[in-house]
């Protein structure tokens, strides 16, 4: 059975999940001789923050303790709600089972707290990682690292130590060019802080995947080498600062000549209109050519009056009317060309950082292996590789032998990898209700 409860912020998500958890562990529908006081060990509740985990655990234990004290349903909201959920049963029987079983289950949970499976998705993933270290290619006694800053710091200094060494000539050349480029742009030539900052993307799921895609040569489908990146950077630099620059200069001159040919040289335009056109002078990227209010007014104009003052337009309306489509079309052509150059420049600007990220990734991999550490981001990623490669992941087959009910909270907060890792927990239930070897499996999603 798969249930979905939708609830907005502050509308009682913890209440609902705690209620469902209690209904499951109390097994109210079963006779006393069928009741299993340790059934809580077959229930897994997954949340997405430590605070939510703590709140849910506290709420469950608090409610069980309260129910064991036999309160009147009219004074206890959750109890009243649970009783109403069993309309087909005698109310007194339902209440008596809740009262007596709550006390037993409360004590069993306290005495077997390690089997009280309410945890964050990360903690749940860590349990899987501990059980399947070899399958996930983790060291036997690995240390979990939550913050990658120290790894980045160490890897960065190892990388910098390699600069100038003959066997790392390509890397040295690439970072020298990067440093000079930053100086030419008027920023600090010291690229160390930027390298450290960019290294953090290696722990970000979405950005790391983008870098991995950029790291594959689309022609050969092989991993890009430092030399490949350097050659690509040279090509992009030529496209931006030679090819597109030359094309822009030619288009700008053609625009000026066409305007003059209809008797409207740029100096006859309104100051702000001429000023916007002047932004396309010089080197691509020197000026912000984002259309301002004046430019947009000209682009949307229907007659030449938008190009100049009222007095000038009255003198030569026909000339300005002829000039308007020239201005609109030519300037928009120039704008599209500069935007294209800007897009390419954004890629060009990142190439040297991507080179650095690739080298940092290798250095951090060596450091982690040497120190026997695993970053928390790797756990979900490595689990995902197994989940994606088998229809019914064996990692979860063994979980199915234990867990028959799974409650998932704050579903919208999952990352793509976390979501893909959770799919098998809710997707592989056959018609007999069997999930990974477990019967009577039920999933509740809030």
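Estimated from the Cβ-Cβ distance and a Förster radius of 35 angstrom, the FRET efficiency linking residue 69 and residue 130 is about 0.40. If you find the alpha carbon centre of the stretch 351-386 and of the stretch 285-315, how far apart are they in angstrom? For the stretch 351-386 versus the stretch 285-315, the Cα centre distance is 53 Å.
Sorted ascending by nearby beta carbons within 10 Å, beginning with the fewest, 42, 111 become 111, 42. Using a simple spin-label model with pseudo-atoms 7 Å out from Cα toward Cβ, residue 110 and residue 266 lie 8.4 nm apart. With the cut-off at under 20 Å, measuring from each backbone N in the stretch 249-268 to a point 7 Å along the Cα-to-Cβ line of residue 286 picks out 249-257, 266-267. Annotation: extensible slack from residue 254 through residue 200 equals 14.8 nm (criterion: 0.36 nm per residue apart, minus Cα-Cα distance). Overall dimensions of the stretch 122-168, expressed as equivalent-ellipsoid semi-axes from the Cα gyration tensor (√(5λ), whole Å, largest first), are 32, 14, 7.
Give the distance, in whole Å, between the Cα centre of the stretch 246-270 and the Cα centre of the stretch 47-104. Going from one Cα centre to the other spans 80 Å. Decide, for the stretch 143-371, between rounded, prolate and oblate: order the square roots of the alpha carbon gyration tensor eigenvalues as a ≥ b ≥ c, take rounded if a/c falls under 1.5, and otherwise choose prolate if a/b is larger than b/c, else oblate. Because a/c hits 1.5 or more and a/b exceeds b/c, the stretch 143-371 counts as prolate.
Counting other Cβ atoms within 10 Å as a rough exposure proxy, the listed residues 46, 94 run 94, 46 from fewest neighbours to most.
Full extension of the chain between residue 169 and residue 314 gives 45.4 nm of extra length, using 0.36 nm per residue less the Cα-Cα distance.
Subtracting the Cα-Cα distance of residue 150 and residue 99 from their residue separation scaled by 0.36 nm leaves 13.1 nm.
An oblate overall shape is assigned to the stretch 237-278, the ratio a/c of its alpha-carbon gyration tensor axes (a ≥ b ≥ c) being 1.5 or greater and a/b not exceeding b/c.
Between residue 31 and residue 342, the modelled labels are 7.7 nm apart [label points 7 Å from Cα along Cα→Cβ]. Neighbour counting of Cβ atoms within 10 Å sorts the residues 300, 249, fewest neighbours leading, into 300, 249.
Label-to-label distance for residue 184 and residue 50 is 4.8 nm, based on points extended 7 Å past Cα in the beta-carbon direction.
Values in this text are rule-based calculations from the coordinates and carry no lab data. All figures in this text were calculated on a predicted structure; none of them were measured in a lab. Please note: Cβ atoms are built from the backbone with ideal geometry, for glycine as well, and neighbour counts cover all protein chains shown.
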